[in-house]
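What follows is calculated from the coordinates using simple rules that are stated; it is not laboratory data. This one's a predicted model, so the numbers in the text were calculated from it and none came from an experiment. All Cβ positions, even for glycine, are placed from backbone atoms using ideal geometry, and neighbour counts span all protein chains on display.
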Amino acid sequence: MKSKSGKRIGIFGFGCVGQGLHDVLQDNPHLNVARICVRDREKLRTLPSHHFTYDPQELLQDESIDLFAELISDPEEALLIVRQALSAGKTIVSANKKMISENLSELVALQQEFGGTLLYEAAVCGSIPILRTLEAYYGNEPLQEVSGILNGSSNYILTKLDAEGISYDEALAQAQALGFAEADPTLDVGGYDALHKISLIAAHAFGAVIKPEQVVRAGIQHISRRDVALAQALGGRIRLVATAKLNQNNRLALQVLPTLVFPDSELYYVEAEFNGVQLQARYAGDQFLKGRGAGSHPTGSAVWADVSAALAGYKYTYPKFRYNDEEQLKPVALEEEDELKVYVRTTMPEFLPELPWRELTVFGTERRETQLVGTISRKDFLLYLPALKQTIAFIAQIPAHVSAEQVVNASYLKLEEVA
Ligand code: HSE
């Protein structure tokens, strides 16, 4: 199968992204797919069986292969593949945000030690070239904030609830059928996927290697029509927003939270599976990137771009990483003291934990539901969030300028429509 002029790629995985890469590569005569490694022998495939192998070593030890594309969903298996390739000084691109974000230090160290290359643009916001932008364009300029809608599936669901009023389950089933959702959609709707992506963004934008437990995270899985109607009555929409933001004290605030956004925000207009990333740079000012964040071809396109860049010798330089004299990565100080204003609706009010709220307004008209608007320090919220989640709560951040009184009034305004 070796062509005289072309480069040879070994692909791991032939799901939504693997198939997408294969499709877009049909546009490139200089890249040849050597073999595709898959796990399931029984699964019906769109290509004849001689294109596939079931043994990862058949690809990993094939010296005629110039580059690997790791596109499987299992993070443990993906790590084994990437680790072996990088330990042999090879070039590999990956779309596995969970695996990369949870093992970033090791993967960077392996590249430094053995000279291999790992690129993963497709892991963050599908077709939006955010990592390349952060690396190549904002490598020197200090950034104040990178935030946005980083998960296509949850944005698809939120858009459908808001615009079409279909049920949550139906919207999720659509997102799955369209190939947007992860194999385990809890990763999408629970905010984990956005957490993995904002972690990778924080590494490239701020030089921070983050542990998941350091990030305030809540998902959209408990949203109800009542919450959607409340946002509408306030003139806004709920979006799952991931944020990495340097506060005045130079500490990095990190969160993934359903957030009430208004028409003055670019995020208000990001619909369906699209993602939107807003970037605030010290000198360039504000920028906004929007594009398809999920789906077979948009993600395949991002992998293709990585494949081409890697073959041309491109590597990430992690320009914001700072090292001490012992060549250890300096940690970035994280924000704990700033204040969050949140809306909470729980269907298990009797189990609501006693949170150290700085301000609190409790309301609600349903017997088995309690709604509240409260302000709390980030540190306390992080501490009590697991207990709050136990009460099947929908949690959303609301901007500081929206008063609790406005929220209460809006909840009565929309009451009849959702009753
Ligand atoms: N499940 C992911 C999403 C796929 O919905 O955004 C793209 O990373």
field: Extension gain (nm, one decimal) between residue 109 and residue 232, 0.36 nm per residue minus Cα-Cα
entry: 39.5 nm
message: Can you give me the distance in nm between label points at residue 289 and residue 47, each placed 7 Å from the Cα along the Cα-to-Cβ direction?
response: 2.8 nm
message: Going Cα to Cα from residue 290, which lysines come in below 30 Å? Please leave out same-chain ones fewer than 8 positions away.
response: 97, 98, 160, 197, 211, 245, 315, 320, 341
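Relative contact order, percent, of the chain when contacts are C-alpha pairs under 8 Å separated by at least 6 residues? Mind showing how you got there, number by number?
Details: 873 pairs, mean separation 73.7, N = 419.
Worked out over the chain, it gives 18 percent.
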query: Which whole DSSP H helices in the chain pass both tests: a Cα extent of 18 Å or more along the axis and a mean Kyte-Doolittle value no lower than 0.0?
result: 192-206, 296-311
- line: Taking a crude spin-label model, label points 7 Å out from Cα along the C-beta direction, the residue 173 to residue 405 distance in nm is 4.5 nm
query: Measuring from label point to label point, each 7 Å out along Cα→Cβ, what is the residue 339 to residue 384 span in nm?
result: 1.5 nm
query: What is the extension gain from residue 58 to residue 308, computed as 0.36 nm multiplied by their sequence separation minus the C-alpha to C-alpha distance, in nm to one decimal?
result: 87.7 nm
